[in-house]
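Below is one structure, written out as C-alpha cells, with a few remarks after it.
The values are calculated or read from the model by the stated rules, or taken from the named source; none is laboratory data. What you see is a predicted model; the values in this text were computed from it and never measured. Every residue, glycine among them, receives a Cβ derived from its backbone with ideal geometry; neighbour counts consider all protein chains shown. Each accessible area value is taken on the protein alone, full model and side chains, heavy atoms only, with ligands, DNA and RNA left out. Shrake-Rupley method; radii C 1.70, N 1.55, O 1.52, S 1.80 Å.
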Amino acid sequence: MTDASMTRAERRRARRIRRFDNPWLNPKLFWGIGLLLGIVVLGILGRVFWDPELVFVGSGIPKLPPPGFENLRGQAGTFTNPLGTEGSGRDMLALIIIGAPNSLFVGLLASLIGMSIGIFLGFTSGFVGGRTDDVIRVLSDVMITIPPLLILVVFQSAFGDVSLTMMALLIAGFVWQSPTRLIRAQVLSMKQSGYVQMARLSGASTWHIMFKEMLPNLVPYLFGSFIANVTTSIVTAVGLEVLGLGPQRIPTLGRTIYEAINAGALIQNLWWWWGIPTLLLAVMFIGLLLINLGLDEVSNPRLRKLKL
Amino acid sequence: MSALTITDLSIDFPTTKGVVHAVSDLSLSVGRGRRVGFIGESGSGKTTTALAVMQMLAEPGRVAKGSIVLGDTDMLALNEEEMRKARLRRVSYIPQGAMNSLNPIMRIEDQLWDGITAHEGTTDRAELKRRSDEALESVGLPARVGRLYPHELSGGMKQRVCIALGVILTPDLIIADEPTSALDVVTQRHVMQTLKDVQAKIGAGLILIGHDMGLMAQSVDELAVLKDGVLVEHGETRQIIENPQHPYTRELISSVPLVGGESFLDDEIGAPPVNRGKPGVPLLEFKGVSKTYGNVTALQPMSFKLDGEVPKIISIVGQSGSGKSTMGSLMLGFNPPSTGQVLFEGQEIASMNAAKSLEFRKQVQAVFQDPYACFNPFYRVNHALRFPFKQFGYAKSEAHIQEKMEEACTAVGLDPALVLGRYPHQLSGGQRQRLIVARALMLSPKLLIADEPVSMVDASLRATILKNIYDLKDRYGISILYITHDLATAYHVSDYVIVLYQGHVAEAGPPEEVIGNPKHEYTQLLIDSIPWPDLDRSWGTPSTATEDAERLDRLARENKTEFRGRVPGFDLDVA
C-alpha cells in the first residue's frame, strides 16, 4: 500500500497508470477530436491556400480524375485539380473544402438547438412535475416514434430551397426528445439525493440547485448526448441532401453525392466524385463515434481499463 | 475434520494508485458445524477473503499466494466449470442485500428450483416442489411463500429466502456476508436465529461476516478479527470477548454502546449552555400533526412543544417504517403534514414567505444518514460548508469563511489541512459525516435534526461522531432531535426518548425510565432483540421469532401509549 513496499517495476507501472488517471485524457477522445478538428482545419486552411471560386460550374474540365488516374475518355488527371473534377467541371478539392465544414455545421447547430430545448424541457419536467411533466413526457414520447426523415422530406419539398441554418432548425425539431428524457430521469433521481437536500437546507434557490448543484454533474451525460445528436443530425441532413432536398445552391457533401448518383457516376466509374465525399463522411462519423466512446469512459469509470 | 482450510492467503488488487494488498498471509480453518465470525471495519479484507473461496474476486483482484482447501478440494486449482459446480453445492454465499439478490420477475420456488436443476439436471417437478417446500420450512417460512414474488415479501422474509437458497443443496460451507445489516433489530434476531438453526441442522461450516461485536458474540463459536487485511486475533468467542489480546479487538468491543453501561461521553461539563430561545414561544411545536401517504398512515396524530431555552436532545426511536424519518422531514419542512400544523417559533412552516423561510433554514439544520450522498461530487468539500455560510449572510470575507471552516473542523476533531480542499470521494465516510457536523456547527442553528447520523459509519467511529453531536448541545446550545434505531446510543445521549411503532408513540419519557426500565411491550421487545457482546445473556431461541411476530401484530392493533414522566421544556401529547 505504501510506496516503500512496492518493487521498482510496480512503481513504474503505477506511474504509467496514473498518467491515464484523468479520464478526460483518454486516447479515444483525443483521436475523435483530432479527426473532427482535421475537417475544420481543412475548411479554414483550404480557403486560404486553395481557390474557393473553383466550386462554380465550369471552372475546369468535367469528370477529370485525380493525378495518376485516367477516366473513361482517357483523360489523365493533373495537379490543377488534385482530387479531380465532377460532372460539370467543379473542382472536387474546393467542393470538399466548402462542403465538409457545412455538413458539420448543420450537425452541430441542430444538435446545439436540440440540446438547449432538451435541457430546458427536461429540467422543467423533472422539477415542476404534475401536469407539466405529463405533457412534456407524452410529447417527447410521441415525437420519438416519428421517423424524422419522413416529415422532413415533406417539409423540405414544400419549402424548396432552404438555407443551412433553416435546415439545422428543422432537424433540431427532431433531436430534442432523447436529451429531454435523459435529463428528466437524471433530475428526478438527483432531486432525492443528499446533496440536493443539503442545498435546500442551505437555503439555496431553485435556480442554484438546478444550475450549480445538478447541471455540473450532468456534464458528461450532456456531452455524450450532444455528440450522439450531432451524429443523428448529420445523418438526417446527408440523407435529405442525397435525396436532392436541402440547400440547392450551397455545396454540401450530401448534395455532391446526390449529383454523382444522378449523373450515373457509379456506372461511369467516376469513383472520386462519390467516393471522396463518402470517405469524408466516414471520417466524420468515426471521429464522432470515438468521441462518444471516450466520453463514455469519462462518465462510466467501469469502462476505464488498466493497461498492465 | 475441517470444512475449510485457508493457508497463507494473500490477495492483491492492482489499482491506479499502486498495488493494494487486500489480504496478507491469512491462515485459518473452519471446522464442520462450526460458526466462525470475520469481524473488522470496511476495507479490512473480510468479504474479499470470503469471495476468494468461491473464486469470485472482483476484477482486477487476484490471489497472490496461499491455498484454499474446501474438504479435500483445492479451490484455487478448479477451472471455471468445476468451480460453477462447486458453488452452492459445496459452498454457498448469502449476500448482504437480499433485497436485490432475488430475481424480481421469478416466483420464489422457481428460483429455488433453478439452483437444484443447475446442479442435478432436470428433476421431477413433484420432487422439486417437495424440496423447495422443505427448504422454506427449514427457515421458518410457510410453503405458500414459494408461490409469491420477491416484492410481496418483507426484507426479513427475503433474507430468509436467501438462506433457504443457500442451504438447499446442503453445502459444506455457508458464507453469510453481513446478512442482517439492512434489517432492524427485531428482524435481525429472527434471521440470525434461523441461520444458526438451519446451519446446525445440516452441519455445515459457517462464516459470518460482520462488524457488530454484539451480533458476533451472540452468533458464532470462533472469532477472527481482521484489520487492514491482516488477521490480528483468532480464537474462541468467549476467550476473545472476555480477554482480548490485540488493542484493535479491545477497541471493537468497547465501541459497542450498552444500555446502562458506561457512557462513551465525557462527563466533563463544558461552558454552560447558551440561552438562545425566545421566551414564551416554543422553539418547535407540533399541533395534532399526522402524515398519510395514500392510505398508509406514516404518522398518527401527535402534538408536542419543544422549548428552546435549555437545549435538549430528544431521541426518536423505532424500527424502519415506524414514522421516525417522516417526523424528521416534517420538521425540516420538506413535507407538509396531512393534518395539523408544524410551527417554528410560533410560525407555521408551510405558510412561510421567502424571507421567513430563509430565517427558518438558518435556524433548523440537519445531519443525514448517508454521508456519501451529502456532498456534491462535483465540488470540493469546502462547498458544502462555504455555500450555506455565505447564503445565510454570516460571511464577512473569504478569509473569515476560511477561518470559520478551520475552526469548525478542529472542533469536530478533523485536521483542516487534511480535509478542506479535498473532493468528497477522497474522504472516508466518518470524515464526511464529521464534516457535516462541522457544517452544522458553523451555522450554529437553534435546532438540529440528526437522522440516523451514525448508522452508515464504521462502529469504531460512531462514538466519536455522537460525541461531536452531543457537544453541539452542551457547548453551542443547539437543541437536537436524534432519530435512530439504536436504543443504546439513545440511552446515553438523550434527555427524552420517544419510541415510535407504526407511526404511534408507544412509550415516551426520560431514557433511564423508557430504555432502562421499559414498561411497554414493544420497547421491551426492542431491547431484548439487541445482541449484547455478553455471552451469558440469552438472545432468545428460534421459537421466539413466531411469538414476536404475534406480539407485534397485537401491539399494532392496541395503540397503547405509556407516558413515563416528563422533562421540563418538553411536552408530548398523543392526539
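Details
- Qualifying residue in the range B:51-59 (condition: under 30 Å from B:Arg144 (Cα atoms) and part of a helix (DSSP H, G or I)): no
- Selected residue (only one of B:Gly71, B:Gly61 is modelled with pLDDT under 85, of a type in the set (Gly, Ala, Ser) and open to solvent by less than 70 Å² (accessible area, probe 1.4 Å)): B:Gly61
- Some residue of the range A:162-184 being within 25 Å of the chain's Cα centre (by Cα), within 10 Å of another protein chain (Cβ to nearest Cβ) and modelled with pLDDT under 85: no
- Test: residue in the range A:238-254 that is within 14 Å of chain B (Cβ to nearest Cβ), among the hydrophobic types (A, V, I, L, M, F, W, C) and open to solvent by 60 Å² or more (accessible area, probe 1.4 Å): no
- Within the range B:76-88, residues that are outside the structural domain of B:Val167 (by TED's automatic domain parsing) and touching a residue at least 40 places away in the same chain (Cβ under 8 Å) have Cβ atoms under 8 Å from residues that are exposed (fewer than 11 other Cβ atoms within 10 Å of the Cβ) and in a loop (DSSP other than H, G, I, E, B) in no pair, counting only partners at least 6 apart in sequence or on another chain.
- Across the range B:358-394, the number of residues qualifying as small (Gly, Ala, Ser), without any contact (Cβ under 8 Å) to a residue 12 or more places away in the chain and within 9 Å of chain A (Cβ to nearest Cβ) comes to 1.
- Applying the criterion of at least 3 residues that are modelled with pLDDT of 85 or more and within 22 Å of B:Ser357 (Cα to Cα) to the helices (runs of 4 or more DSSP H) found wholly in the range B:370-460 leaves B:382-391, B:429-443.
- Residues of the range A:258-286 that are buried (at least 22 other Cβ atoms within 10 Å of the Cβ), in a helix (DSSP H, G or I) and of a type in the set (A, V, I, L, M): A:Ala260, A:Ile276, A:Met284.
- The range B:1-48, subset surrounded by fewer than 18 Cβ atoms within 10 Å (Cβ to Cβ) and among the charged types (D, E, K, R), residue nearest to the other protein chains (Cβ to nearest Cβ): B:Lys17
- Of all the criteria given as (1) assigned to a loop (DSSP other than H, G, I, E, B); (2) aliphatic (A, V, I, L, M); (3) crowded, with 19+ Cβ neighbours inside 10 Å, the one not satisfied by B:Ala182 is (3).
- Residue in the range B:116-124 that is closer than 21 Å to B:Leu195 by Cα, touching a Leu at 6+ places or on another chain (Cβ under 8 Å) and assigned by TED's automatic domain parsing to the domain that holds B:Leu169 present: yes
- Residue within the range A:298-308 that is surrounded by 19 or more Cβ atoms within 10 Å (Cβ to Cβ) and more than 14 Å from every other protein chain (Cβ to nearest Cβ) present: no
- The range A:105-127, residues that are open to solvent by less than 10 Å² (accessible area, probe 1.4 Å), out of contact with any Phe, Trp or Tyr (no Cβ under 6 Å at 6 or more places or on another chain) and under 24 Å from A:Met166 (Cα atoms): A:Val106, A:Gly107, A:Ala110
- Among (1) at pLDDT 80 or above; (2) of a type outside the set (D, E, K, R); (3) more than 21 Å from A:Glu241 (Cβ to Cβ) - the single one A:Met6 does not satisfy: (1)
- Residue under evaluation B:Leu500, criteria (1) among the aliphatic types (A, V, I, L, M); (2) closer than 20 Å to B:Lys324 by Cβ; (3) touching a Leu at 6+ places or on another chain (Cβ under 7 Å), criterion not met: (3)
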